[in-house]
Amino acid sequence: MIEIKDLEVLLGTFRLRIPRLVVGSSEYLVVMGPSGVGKTVFLHTLAGFLEPVRGVILINGQDVTQYPPEERRVALIPQNYALFPHMTVYDNIAYGLKVRGVSKLEIQKRVREIAEVLEIKELLSRRPSQLSGGEQQRVALARALVVEPKLLLLDEPTASLDPRLRGRARGFLKYLHRKLRFTAVHVTHNLTEAVFLGDRIAYFEGGELKAVMRPGEFVNSHWARPYIDEVKPLLAIMQAR
């Protein structure tokens, strides 16, 4: 479980405020809001790359506010996936285990296990430049999940995919979350994606967390007005269920 209390992050002239937020164990929380309201700042603060000027971040009851990223057991998948181009898929996935001092035999076992779950075993000898966008996303997920993070952070993970792959990627994320039950915080600008994946949606505006609600509640709220073109078909789908 993730608990945030009175969090305030200052980045230049930008200030992010989160009075209180609790993310339950195995919950999939989707973060939405206009550009420039602090969604990525929020992720980077959770990951430990940015230090708040005040407030507390608790992970499973432990105060990690002052912990460096490597001590938080939090995995961040940026929008561009940030794979190492000179490494094979196997070495990309194994990297986090190697820097943690895991034995070679254990690395081999865990890399092959996660590669099987994500259906990328046949890609282990390739390099990122030889992969499609969807394959790169799966490798990035494998590299994040192989270290067994307490929290998985995803920054617009489907934004760089074409519409066909985007739908498949969402379905795969849904399947993977049901199978592995990790806790996730996922940033997106797409309401359809938020409703499909999220247990709840957190809405940011003006550098502040404004609302947290179930997808059905969010679609019917005034916070969904910027996404009006997506709202009507989503309401029809929800009413048909």
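The values are calculated or read from the model by the stated rules, or taken from the named source; none is laboratory data. Just so it is clear, the model here is predicted, and its values are computed rather than measured. Here the Cβ positions follow ideal geometry from the backbone for every residue, glycine too, while neighbour counts run over all protein chains shown. Surface areas here come from the heavy atoms of the whole protein model, side chains and all, with no ligands, DNA or RNA. Shrake-Rupley method; radii C 1.70, N 1.55, O 1.52, S 1.80 Å.
Computed about its Cα centre, the charge dipole of the chain is approximately 500 debye, with only Lys, Arg, Asp and Glu carrying charge at their Cβ.
Stretched out fully, how many nm does the piece from Y67 to K174 gain, at 0.36 nm a residue minus the Cα gap? Don't skip to the end; give the middle numbers.
Values: separation 107, 0.36 × 107 = 38.52 nm, distance 3.01 nm.
Full extension from Y67 to K174 adds 35.5 nm.
With a 1.4 Å probe and all protein chains kept in place, how do T192, T45 rank by accessible area, largest first? Provide the component values of the computation, followed by the final result.
On the way: T192 55, T45 0 Å².
Solvent-accessible surface, decreasing: T192, T45.
The length gained by stretching the chain between Q108 and R164 to full extension, at 0.36 nm per residue less their Cα-Cα distance, is 16.9 nm.
Rounded to the nearest 20 Debye, what is the dipole magnitude of the stretch 86-181 about its Cα centre when Lys and Arg each give +1 and Asp and Glu each give -1 at the C-beta?
Numbers: 20 positive and 11 negative charges, 51 e Å.
Computed charge dipole of the stretch 86-181: roughly 240 debye.
Would you mind telling me the antiparallel percentage of the DSSP bridges in the chain, rounded to 5? DSSP beta bridges in the chain are roughly 55 percent antiparallel.
Only one residue of V22, M32, L46 has its Cα farthest out toward the positive end of the dipole of the stretch 1-77, where Lys and Arg carry +1 and Asp and Glu -1 on Cβ, and that residue is M32. Relative to the longest principal axis of the Cα atoms of the chain, the long axis of helix 163-180 lies at roughly 80 degrees. Summing charges over neighbours of Y95, with a neighbour being any other residue whose Cβ is under 13 Å away from its Cβ, gives +2 when K and R count +1 and D and E count -1. Computed from backbone phi, the HN-Hα couplings of the stretch 82-89 come to 6, 6, 7, x, 8, 9, 6, 4 Hz, rounded to whole numbers (Karplus: 6.51 cos²θ - 1.76 cosθ + 1.60, θ = phi - 60°; Gly and Pro given as x). Pairing the Cα long axis of helix 228-240 with the longest principal axis of the chain, what angle in degrees results, from 0 to 90 and rounded to the nearest 10? Roughly 80 degrees between the two axes. The amide H of H186, built 1.01 Å from its N in the peptide plane, has L29, V30, V31, L154 as neighbours under 5 Å, considering only residues 5 or more places off or on other chains. Considering only L141, L105, L83, the Gaussian network model of the chain with Cα springs below 10 Å gives its largest mean-square fluctuation to L105.
Among the listed pairs K179/K210; K39/K109; K5/K179; K98/K121; K5/K150, which have their C-alpha atoms separated by more than 28 angstrom in this model? Mind showing how you got there, number by number?
Numbers: K179/K210 31 Å; K39/K109 35 Å; K5/K179 30 Å; K98/K121 19 Å; K5/K150 19 Å.
In this structure, K179/K210; K39/K109; K5/K179 lie more than 28 Å apart at Cα.
In this simple spin-label model, placing a label point 7 Å from the Cα along the Cα-to-Cβ direction at both E217 and E51 gives a separation of 3.6 nm. Given +1 at the Cβ of Lys and Arg, -1 at the Cβ of Asp and Glu and no other charges, the dipole of the stretch 39-134 around its Cα centre is 140 debye to the nearest 20.
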